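Input: a single structure, listed below in structure tokens.
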Amino acid sequence: MTGVIKGTGASVPSRILENKELENLVETSGAWIQERTGIERRHIAVRETTVSMAAEAAAEALKEAELQPEQIDMILVSTMSPEEIMPCTACQVQREIKASRAVCFDLSAACSGFVMAYVTACAYIEAGIFQNILVIGSECLSDVTDWSDRGTCILFGDGAGAVVLTAAEEPGYLPSIYSDGSKGEALTLKSRQNHNPFGKEAPGESQGTSYYIEMDGQAIFKFAVRSIPQAIEEVLQKNHLHKGDIQYYVLHQANERIVEAVAKRLGEPAYKFPMNMKEYGNTSSASIPLLLHEMKEKNMLKSGDRLVLAGFGGGLTWGTAIITWK
């Protein structure tokens with residue numbers, strides 16, 4: 001038994017931030033951003049939130065899967081930009097979509113988050129614990145972006161993607177997932193304030209704590225182009241498959257150059273590596289489900305297609321999983 005995708009959904013903010021606008025914030029140019037990253041624009045939340053986008057994507061996925069909210073057994077949300085630490089984003093999505101029977105929790109694995117959440121959900125299904133699971137990646141990265149840092153503010157956007165997994169009586173695929181905490185300082189999201197309330201301010205007063213992404217871009221690039229081809233080769237070997245058995249490689253949409261480098265190292269044609277960071281930028285754990293939804297909407301996928309999902313990001317974490325499209 002394994003989980004198969006029965007529905008997909010997506011939600012992005014209506015506010016679009018073009019590269020040209022960033023020239024007013026930091027020393028850069030729209031042409032330079034596109035050349036170095038492949039990104040032309042990104043969507044930035046104004047009224048939308050991590051929860052509202054997750055709920056909207058979830059509702060769309062449920063509609064396609066022809067399931068009612070009360071038929072969902074679990075909601076698993078991957079995010080590193082929740083509105084609140086508690087209650088978790090998944091519980092707030094449960095409230096919004098009225099999935100009264102669902103067990104809910106969040107998972108934090110940065111840009112690898114959707115792959116990790118997908119693998120986790122499949123494990124629950126394969127164990128016979130749950131039948132129908134909503135897996136969501138949702139991010140408001142604009143809330144944790146330092147808009148004065150040229151190295152990071154050009155990269156990130158907001159959005160959410162969701163899939164409904166349902167149990168199917170067929171064999172699944174073994175994933176390949178990894179972590180290396182010793183290299184975690186290459187990509188961090190840290191507080192810039194002291195959390196001690198007994199310092200300069202009186203107990204109970206707000207410290208105004210802020211969190212910002214900081215990244216060693218060169219280190220992350222080298223990590224991704226080395227680790228992801230290895231992980232893809234390993235997941236294929238584990239499942240006795242060859243590259244010719246794979247129709248598409250759906251990678252985390254971090255940087256066009258990373259995706260192109262992975263394709264080159266694998267010796268696979270560029271068309272097997274779809275990209276949409278041109279429109280959305282890096283949306284962290286939302287990027288893979290957003291891309292899956294877009295591929296489905298463009299009729300790129302047919303029943304029986306095998307896809308490799310590959311995520312990589314902070315932790316450091318990375319991983320691959322194989323799915324058969326239904």
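The numbers here are math on the coordinates, done by the rules we state, and not lab data. Note that this is a predicted model, so its numbers are computed, not measured. Cβ atoms come from the backbone with ideal geometry, glycine included; neighbour counts cover every protein chain shown.
Grab the Cα-Cα distance for Tyr211 and Lys298, subtract it from 0.36 nm times how many residues apart they are, and report the gain in nm with one decimal.
27.6 nm
Where both residues lie in the chain, what percent of DSSP beta bridges are antiparallel, nearest 5?
Looking only at bridges with both residues in the chain, the antiparallel portion is about 70 percent.
Once you sort the root eigenvalues of the Cα gyration tensor of the chain as a ≥ b ≥ c, which label holds: rounded (a/c under 1.5), prolate (a/b larger than b/c) or oblate (the other case)?
oblate
Among Glu35, Glu297, Glu27, which one shows the highest mean-square fluctuation when the chain is modelled as a Gaussian network with alpha-carbon springs under 10 Å?
Among Glu35, Glu297, Glu27, the largest mean-square fluctuation in the Gaussian network model of the chain belongs to Glu27.
What's the extension gain from Lys264 to Lys183 if we count 0.36 nm per residue and subtract their Cα-Cα distance?
26.7 nm
Using DSSP, restrict attention to beta bridges with both residues in region 2-168 and report what percent are antiparallel, rounded to the nearest 5.
In region 2-168, approximately 70 percent of DSSP beta bridges are antiparallel ones.
Whats the longest run of the chain with zero chymotrypsin sites (Phe, Trp or Tyr not before Pro) that are DSSP loop and have at most 14 other Cβ atoms within 10 Å?
1-146
So, counting K/R as plus one and D/E as minus one, what does the shell of residues with Cβ under 10 Å around Ser11 add up to?
Here the count lands on -4.
Could you point to the residue in Tyr248, Ile258, Pro269 farthest towards the positive end of region 212-274's charge dipole, with +1 and -1 charges on the Cβ of Lys/Arg and Asp/Glu respectively?
Projecting each Cα onto the dipole axis, the largest value belongs to Pro269.
For Lys272, go through the lysines and keep the ones whose alpha-carbon is under 19 Å away, minus same-chain ones fewer than eight residues off.
Partners within reach: Lys243, Lys264, Lys296, Lys298, Lys302, Lys326.
Given an 8 Å cut-off on Cα distances and at least 6 residues of separation, report the relative contact order of region 2-168 as a percent.
Across region 2-168, relative contact order equals 35 percent.
What is the gain in length, in nm to one decimal, between Glu35 and Glu23 on full extension, counting 0.36 nm per residue of separation less the C-alpha to C-alpha distance?
Full-extension gain reported as 2.8 nm.
So which trypsin sites (Lys or Arg not before Pro) in region 1-77 end up in coil per DSSP with only 14 or fewer other C-beta atoms within 10 Å?
Arg15, Arg47
Quick one: the Cα spread of region 2-168 along its three principal axes, in angstroms, biggest first?
Projected onto the principal axes, the Cα atoms of region 2-168 cover 54, 27, 26 Å.
Select from the chain the helices, each a whole stretch of DSSP H, whose alpha-carbon atoms run 30 Å or more along the helix axis and whose Kyte-Doolittle mean is at least 0.0; answer none if there are none.
Span-like helices in the chain: 217-238.
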